[in-house]
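Each remark here refers to the structure printed beneath this line.
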Amino acid sequence: MTTVKKYTKSVVENFDLYAPKLVSKEEFFNAGHRACQGCGEALAIRLMCKALGKDTVITNATGCMEVISSLYPTTAWTLPWIHVAFPNAAAVASGVEAGLRALRRKGKIADRRVKSVAIGGDGGTMDIGFQALSGAMERGHDMLYVCFDNEAYMNTGIQRSSGTPFLASTTTAPAGKKIPGNQVWKKNLAEIMVQHNLPYVATASPSYPLDFMNKVKKARRVKGPSYIHCLVTCPTGWRSASETCIKLGRLALETGIFPLYEVENGVYKLTVEIPEKRRPVEDYLKLQGRFRHLTPDQMQVIQARVDLEFKKLQNKIDHSVSWV
Ligand SMILES: Cc1ncc(C[n+]2csc(CCOP(=O)(O)OP(=O)(O)O)c2C)c(N)n1
C-alpha cells in the first residue's frame, strides 16, 4: 500500500503552486451574482477562475451557474464567457479551441496560449452533455472540462441525475411509501474519463481550495484534454444548513465518499490525506435532509458500498502504471 502524502507535505513540495502570494487577488467571477446562500458551486467557480487567469475562454452549459451569473443586464463574469445549450458545452469549447488554433496559425491573433474551458453541472455533464464530452475528449482537444457536481438538476427543481447518490430524496425520486429515494448508484464519471486515456483527470472540492486550484493550474498546463470532477454542496437541494457548505465537503473526504485524487497519464494518486480510520458515512448523511428518511440498515448498505469503492481506488493507486 502506498503512503498517502500529508496535505502539509504536499504544500511544501508544491510551494510555487500553493503559496498564497501567488494566488491572484484579481476576481474573474464577481460578487453580486444570485447564487443561494452557502452555494458551494459559486465558490468553486470563483476559485477555478482565479487559478485559470485571464487568458481563458469559458463555455457554460445551461444550469444554475449560468442562471445566477448572467441576469440581464448584469454579468458576474470578467472572462470571455459563452452560454450554450444544456447538452453541448464540450462541443462548443472544442470549437473555440479549434478556432483559436486556426486564427493563431493564420497570424490573426497573438501567438499566446488561451485555454478553452467548458463547465457544466452533473445533469449537463453526466447525462445530457455526455456524448459531446466523450467526443471532445476522444478527439484530443486542448481543453479543460470541469463538472460542478451538486448531485441533481438543481436549477430546475432538484430532479435526480446520474450524479445523484443512492437513496437521496429528489423531486423525481422522492422518499416515501413506494421508494426510499433514488434507486441507483451514482455514476463514476471521473473513472469514465480516465478510460478515455486523458493525460489529466482529477476529483476536487472547494472545501480544499488550494488542492482544487493546484489541479486547475495543472490541467491548464496540459497540452491536450483534461477533466476535473468537482463535488459542490447545494444547501437547497441537499436540504442542508448553508453554513455547512465547507464542512460537508470535508466530511465527504473524511468518510471516503468523495476522495480527492488525480490521475496523470494513468497514474493514480491521492492528493489530500484521508484519515486511516475513516469517519462513518452517517456523519455526512445525517447533516442532509435528502437522507433524513434513511434507516440504520440503509446507511449500512451505503457504508458497505463506500468501503468497496474506496478499496477499488486504493488498489488502482497501488497498481497503476504510467503510459508515458
Ligand atoms: C435540452 C434541454 N433540456 C432541458 C432543459 C431544462 N434545464 C435547464 S437547466 C436544467 C438542469 C441543470 O442541471 P445541472 O446540469 O445538474 O446543473 P445545476 O443547475 O444543478 O447546476 C434543465 C433540466 C434545457 N434547458 N434544455
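Quick notes
- Test: Ala152 is buried (at least 21 other Cβ atoms within 10 Å of the Cβ) and of a type outside the set (D, E, K, R): yes
- Residue, surrounded by the fewest Cβ atoms within 10 Å (Cβ to Cβ), within the stretch 197-231, restricted to residues that are of a type in the set (Phe, Trp, Tyr) and assigned to a strand (DSSP E or B): Tyr200
- With respect to the conditions (1) part of a loop (DSSP other than H, G, I, E, B); (2) under 22 Å from Cys39 (Cβ atoms); (3) within 16 Å of the ligand (Cβ to nearest atom), Tyr145 lacks only one, and its number is (1).
- Here Pro87 meets each of (1) in a loop (DSSP other than H, G, I, E, B); (2) surrounded by fewer than 19 Cβ atoms within 10 Å (Cβ to Cβ); (3) of a type outside the set (Phe, Trp, Tyr); (4) within 16 Å of the ligand (Cβ to nearest atom) with one exception, condition (2).
- Residue in the stretch 154-165 that is more than 10 Å from the ligand (Cβ to nearest atom), of a type outside the set (Ser, Thr, Tyr), over 30 Å from Gln288 (Cα atoms) and not in a helix (DSSP H, G or I) present: no
- Checked against (1) exposed (fewer than 15 other Cβ atoms within 10 Å of the Cβ); (2) assigned to a strand (DSSP E or B); (3) aliphatic (A, V, I, L, M), Val321 passes all but condition (2).
- Candidates Glu276, Glu264, filtered to the one that is of a type in the set (D, E, K, R) and free of Cβ contacts under 8 Å to residues at least 12 places away in the same chain: Glu276
- Residues in the stretch 90-100 that are more than 15 Å from the ligand (Cβ to nearest atom) and either in a loop (DSSP other than H, G, I, E, B) or closer than 20 Å to Ile228 by Cα (or both): Ala93, Ser94, Gly95, Val96, Glu97.
- Among the residues listed as Gly140, Gly120, the single one being within 14 Å of the ligand (Cβ to nearest atom), in contact with a Gly (Cβ under 7 Å, 6 or more places away or on another chain) and small (Gly, Ala, Ser): Gly120
- Qualifying residue in the stretch 250-265 (condition: surrounded by fewer than 22 Cβ atoms within 10 Å (Cβ to Cβ), among the basic types (Lys, Arg), modelled with pLDDT of 95 or more and within 24 Å of Ile317 (Cβ to Cβ)): yes
- Residue that is surrounded by the fewest Cβ atoms within 10 Å (Cβ to Cβ), among those in the stretch 37-84 that are among the β-branched types (Val, Ile, Thr) and away from the ligand (no atom under 16 Å from the Cβ): Thr74
- Restricting the stretch 157-172 to residues that are aliphatic (A, V, I, L, M) and within 17 Å of Ile302 (Cα to Cα), the residue that is surrounded by the most Cβ atoms within 10 Å (Cβ to Cβ) is Ala168.
The values are calculated or read from the model by the stated rules, or taken from the named source; none is laboratory data. If you're wondering where the values come from, they're calculated on a predicted model, not measured in any experiment. Using ideal geometry, Cβ is built from the backbone for each residue, glycine included, and neighbour counts are taken over all protein chains shown.
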